[in-house]
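The values are calculated or read from the model by the stated rules, or taken from the named source; none is laboratory data. What you see is a predicted model, and the numbers here were worked out from it, not measured in a lab. Neighbour counts run over all protein chains shown; Cβ positions are idealised from the backbone, glycine included. Calculation scope for accessible area: heavy atoms of the full protein, side chains included, ligands and nucleic acids excluded. Shrake-Rupley method; radii C 1.70, N 1.55, O 1.52, S 1.80 Å.
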Amino acid sequence: MTPSDSAAGPVNIPAEPYEFVLDPATTALLVIDMQRDFLEEGGFGAGLGNDVSLLARVVEPLSRVVYAARAAGMTVVHTREGHRPDLADCPPTKLARGRLELGIGDMGPRGRVLVRGEEGHDIIDELAPAPGEIVVDKPGKGAFYATDLEPVLRNRGIVSLVVTGVTTEVCVHTTVREANDRGFECLVLEDCCGSYFPEFHEVGIRMIAAQGGIFGWVAASGALLAALAARPAAPAPS
Ligand code: C5J
């Protein structure tokens, strides 16, 4: 239990296709790729021809969820998509894809695009990791591919994930699919995920909870926040 966590036990969250039960002690909040390279002008997302302002709506609700998760004693994990400065971990296919003017490794207004250590690669100020929180650097779309995320979660006894971030149909979806196949239960917070394509967001979210929760569960962040706030206080130590 963390000093800020004065409540204990599992919580039931109204969700689709049915309620999601999580214990904060065995749950990790995954914050996927909330990087300048995706959310701000001059980065990878903009270089792909996207309107980055479409992702801004995620920041405020996600900030509230991050604070609530910390207060509840949940593990918080942030991911960043990007590559080594020598690009040795970047498949040539990914490098060539899109025939971009401002592609991976190229120098842009926020440093080299999607390269670790550059300004654009870092997480936006509003969602900066707190000291001691886990940051996973990933070369692919899925957060489990070529990273140590799985042992990090298993070593902490994590069995369920609250998944947030960008973009819904790319890195969020790939990560939820990877997590599902590894036996983690995933709750995706719809208002804490975003896409450059609103229609892809909507359908991507629907795909997760369809067919009895084929990949997991979906809820609005308010449902999680209300459930955490209503938790009974932990019994006083005897
Ligand atoms: C993309 C991501 N969209 N984080 N990456 O290329 O979803």
Could you tell me which numbered condition ILE124 fails, if it satisfies all but one of (1) in contact with a Ser or Thr (Cβ under 8 Å, 6 or more places away or on another chain); (2) within 15 Å of the ligand (Cβ to nearest atom); (3) under 16 Å from VAL65 (Cα atoms)?
(1)
Would you tally the residues in the range 151-165 being more than 16 Å from the ligand (Cβ to nearest atom) and small (Gly, Ala, Ser)?
2
Residue identified as within 16 Å of the ligand (Cβ to nearest atom), open to solvent by 10 Å² or more (accessible area, probe 1.4 Å) and under 16 Å from LEU189 (Cβ atoms) among VAL59, VAL31:
VAL59
Restricting attention to the range 34-52, which residues are within 12 Å of the ligand (Cβ to nearest atom), within 16 Å of ASP125 (Cα to Cα) and either without any contact (Cβ under 8 Å) to a residue 40 or more places away in the chain or not in a helix (DSSP H, G or I) (or both)?
MET34, GLN35, GLY43
Can you find, within the range 67-123, the residue that is nearest to ASP23 (Cα to Cα) among those that are open to solvent by 50 Å² or more (accessible area, probe 1.4 Å) and among the small types (Gly, Ala, Ser)?
GLY117
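Right, ALA68: modelled with pLDDT of 95 or more, in contact with a strand residue (DSSP E or B) (Cβ under 8 Å, 6 or more places away or on another chain) and closer than 30 Å to PRO10 by Cβ or not? Show your work before the answer.
Working: modelled with pLDDT of 95 or more: yes; in contact with a strand residue (DSSP E or B) (Cβ under 8 Å, 6 or more places away or on another chain): no; closer than 30 Å to PRO10 by Cβ: yes.
Answer is no for this residue.
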Any residue in the range 53-81 that's over 29 Å from GLY43 (Cα atoms): show its pairings with residues that are in a helix (DSSP H, G or I) at Cβ separation under 6 Å, as long as the two are six or more apart or on different chains.
ALA68/LEU225; ALA68/LEU228; ALA72/PRO24; ALA72/LEU228; GLY73/PRO24; MET74/PRO24
Here is a list of conditions, (1) touching a helix residue (DSSP H, G or I) at 6+ places or on another chain (Cβ under 7 Å); (2) within 23 Å of ALA15 (Cβ to Cβ); (3) without any contact (Cβ under 8 Å) to a residue 40 or more places away in the chain; (4) more than 14 Å from the ligand (Cβ to nearest atom), and THR168 meets all of them except one; can you say which number that is?
(4)
